[in-house]
1. Past 31 Å, Cα to Cα, is the threshold; run A:Lys100/B:Lys43; A:Lys556/A:Lys637; A:Lys586/A:Lys617; A:Lys100/A:Lys202; A:Lys182/B:Lys174; A:Lys182/A:Lys223 against it and keep the listed order.
2. What distance in nm lies between label points placed 7 Å from Cα along the C-beta direction at A:Asn119 and A:Val84?
3. What FRET efficiency comes out for B:Lys83 versus A:Asn146 if R0 is 56 angstrom and r is the Cβ-Cβ distance? Round to the nearest 0.05.
4. Which order results if A:Leu437, A:Leu334 are arranged by neighbouring Cβ count within 10 Å, fewest first?
5. List the longest stretch of chain B that has no exposed loop site; here a site is one of the GluC sites (Glu not before Pro) assigned by DSSP to anything other than H, G, I, E or B, with at most 13 other Cβ within 10 Å.
6. Quantify how strongly other chains surround peptide B:168-176 by giving the mean number of their Cβ atoms within 10 Å of each of its Cβ atoms.
7. Which helices pass in chain B if a helix is a full DSSP H run, must span at least 20 angstrom along its long axis by Cα, and must have mean Kyte-Doolittle hydropathy not below -1.0?
8. Average partner chain C-beta neighbours within 10 Å, per residue of B:55-67?
Amino acid sequence: MLSRSIKLGPKCKVEHCVQRDSCKSRENYSTTVKWNQVLRWSWESQLPLECTQHFVRMRSGAADAQIPEPRFWGDWTSWEEVAVQSSLGHHPLSVFPKDKLVEEGSNVTVCYVSRSHHNNISCYLEGIQIHGEQLDPNVCVFHLNNVPFIRDTGTNMYCKMDPGGVIKGIVLFVSKVFEEPKDFSCETRDLKTLSCTWDPGKDTGLLTQLSPSYTLFESFSGKKVICTHKSWCDWQAAPDSQEMYNFTLTAGNDLRKRSVHLLFNLTHRVHPMAPFNVLFKNVSPTNAAMTWRVHSIGNYSTLLCQVELYGEGKVIQKQNVSVVANGELLVRNLEPYTEYVAQVRCAHASHFWRWSEWTRDNFTTAEAAPSEAPDVWREVKSVQGHRVVTLFWKPLSKLQAKGKILFYNVVLENLDGPSTMKLLSIPAPANCTELALDHHSYQIHVTANNSVGTSPAAVITLSRDPGNKDVEEARVKGTKDGFSLSWKPQPRDVTGYIVEWCEHPRDPRCDLQWKSLGPNTTSTVVSSDAFRPGVRYNFRIYGISTERIPYLLEKKTGYSQELAPSDSPQVHIGNLTASSFTLSWKGWPAEPQPGFLRGYSLYLKSKAVQCLPGSEKAVLPDGSVCCKYKIDNPKQKTFVVQNLQPASFYEFFLTPYTSAGEGPLGTFTKVTTQDEYSRILIRILVPMILCILLLTILCYLKSQWMKEKCYPDIPDPYKSSVLSLIKSKENPRLTIMNVKDCVPDAIEVINKREGARKSLIETEPTKPTYLHLLPTEKSYPGPGPCICFENFTYNQAASESCGPVPGPPKEQPSQLGLLTSSENVLKALGKTYVNSLGEIPAGETNLNYVSQLASPLCGDKSSLPTNPPEPALCSEYKMQMAIPMGLASPPSITPLDEGEHYH
Amino acid sequence: LRFPPAAPLCLLTLLLPPLRPGAPISPAEPISQAYSLALYMQKNTSTLLQTYLQYQGSPFSDPGFSAPELQLSSLPPATVSFKTWHALDDGERLGHAQGAFLALTQHLQLVGDDQRDLNPGSPILLAQLGAARLRAQGLLGNMAAIMTALGLPIPPEEDTLGVVAFGASAFERKCRGYVVTREYGHWTDRAVKDLALLKAKYPG
């Protein structure tokens, strides 16, 4: 900075040159001067004075308007040197200017001065090398244009000398642009003090170097205040002497000054203080008187006050009142026993500038008697022959209660007996009471009471007749919004309807709810947050007679949302045949049901591709295909699956379904149908096997006896049973049976065709010959036995038939039955075998003794000549058969019958 | 602050011995105490230098910055040839250290003031500078105790800064702070060696 004291004329011109031959700037300075006045003029050189020599000269001229152009200038003074460099000392390197403070965006000229121009000097700005203009061998100038704000602690610019490593630098303090104050405004609260506020704007970013200062100047009074805060300032007003104010707020720092102006009338800038002392007097159930006070502004200034009344968080009344000192307002139309908040604020009435802050207070209106009767309902139960009545009532709403309900009065009036009244007082907040009553008719009056009075009575009558007439339950479809119930209008007079239900039907406590409806209502929607899907709700609709007696009208039941069953019934398989089986179950499932049961679905899996009639194809969730039977009757508990393949494998699963769908698929039960022939086979085979087993056991147990009787190793003719029979009956001396003893009456020789025989039993080595001795009646001298000989020794069938001699078939039906069954078996096994035996049953059944004694003759030897053809037939056999007479019927009858029967 | 909360208490106890009047004390104990403090100081000197440089901007904050040419006439350099150093007698050795740390305490105070002006928003740096000054003072007290124990005269406190300290430009103040924090480290290193030598010479 250059400063000169000069004695000049009215106008001066100064020329400033870095060197005498290179003038850098020329400036004019005008002022009115007096004679011999000393002028002081300062200006700043862009290039720091330390960088190089500066020269200055000046001249002056008259700038009087009376002097016409061209004006004449005086002569230049001689050049005067500004020699700052000489005071720099002998540092090898210096950088100028030191600690320069500039606004961002400005241009700064920096130079270094070195003592020796042989050194290599490099300069850096924030670590980046910069290149300058060599002013002379020892001075280099750097023009830093548009310098940015980097940090609040300044920007380093330094130069480094090599060799030697000398570092010299400067810190360039770059500030952000100083902003003009915004929103400059002044107001008064009491006409004595003016409070001016403004927004100082953004900070300059420099921490300590550039703290701004604010000055308030009022031009009418010429007063000036230095503000101690950066955003507000107080000014002592003079309301009596000064009405108008013209303020200039000047903000400035070392780099810049900024000013804003404000002209106003003091009374137009009144911002009243908040009202105080807000009180409520004479508070009744519906009215209250509100009073408040205001701070006076000047002499008897009128304020406009605004009162707002809040009830339950909402503005319910808003009124404006003119106030000088004390405000008063009567607040009407209030609800009893209700808390209200009132707030008041004021503004200057004649010149509105700004509302004061709100002042608020709350009050509660007085109580009044309850306006409505409580909503009452009852639940009647019979406990051990007594009538237990639970009386419920709903708490009155705030509007109805008009105060704090303290107790409920329940008055019981016996309608049947002598007029007796019983009063029960139940303290709030109880909402029910239980009464044990006899079976008389009672009228019950319930009232709610607060500190002021009693509500109208709710009346309900309990008749002697329980009135639980059978009412059919109808289904109702609910939605998530509730149940829409409707009922038939009652022909007789009703005073209203009641719909009751249990909110928690699965809970033993039930939580009885009811809804009272007017006499003209025939439908309602019952909704509750407690309604849950899959829970069945039962609704009862009562009509209230004019005698206040409730009587049941309708019952409804339904679900807010039906759910699919969650399980399936246990199924039992019965009556399994080759083509069908029967399923039976105990119904589904136990309570609670999540929906109305619509029926059952039966899934049947089989190898068959086609589904049977009555079923349809269905795809299971696992992708498998099966047949599905729909059982539409929910009461059905059995189902016959028919038309199945015998001996086939089936899987089935039964699940109930509601309108919401079927139950979850569980494990399929496996079943295999029976084989078609297996049952028949079992019926036949089992008795047969048993029979054979029995015979085998018998044969085994009596094997010795059998052997002796049927095929002794050495047959003893004297021990023949036939003989013993004869002996015991006829002749005790006879030991050997003679042919003569047996007097044949006729001999029938049946000569079977050999060919046919062979074809039947090829293994038979001999040709059997049957001799039937048919005794002739009368000619038979004694009771001689009829003997039939047949060699069965080598006949398989004969040997098997050994055993106790059966009697005639007709006399022993059990044996016949055995035969019959064996016949059946034989039939089943093959007819050829039956045929081969069918020819011998006569012999078989009558055979008692079979011997193969080597007697060539059948009968007595003496009879040989008489029967010449016989030996040819009997020569190979000696067969003896004795029929015990005691057991057998007369021989004349039995064989004939049998023979005829079998042949 | 990097040192533990108990450190001020330790420093307090270290400061106490010179204030204690009484009979001649064995030099081993004050030497040992001074040595411990010097070792503790040594651990923090490089942190102080790095913190200081970090807040000064380029070139000081550039990685690997070093300007050994920068010196302060008011602050004696710690560098000395080994032969000279080894030949020092106890009085000279302690006298040099005493003088250096006396200068360092005053210079650290100056640097603290400078930085409070240049970097007011960096309490970490200001706290480290303050802590370094306190420790230098503590070491001074310990050295005085050693000198007393050895029967050496304690040099009077002098104003080492003189009148040249004021009027320095911001950049010069940054350079000055760099030299002070650097020399503080060098003198602490030298003090550790001095005291180790004395410790060996006067075992307890």
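Every read-out reported here was derived from the displayed coordinates using simple, explicitly stated rules and does not represent laboratory data. Note that the coordinates shown come from a computational prediction; the quantities given were computed from them, not determined experimentally. Heads up, the Cβs are rebuilt from the backbone with ideal geometry, glycines too, and the neighbour counts pull from every protein chain shown.
1. Distance filter (> 31 Å) returns A:Lys100/B:Lys43; A:Lys182/B:Lys174.
2. About 2.0 nm, to one decimal.
3. For B:Lys83 and A:Asn146, the calculated efficiency is 0.45.
4. The most exposed by this proxy come first: A:Leu437, A:Leu334.
5. Maximal segment without exposed cleavage sites: B:70-156.
6. 6
7. Span-like helices, by this rule, are B:28-54, B:90-118, B:123-150, B:170-201.
8. The mean count of partner-chain Cβ atoms within 10 Å per residue comes to 4.
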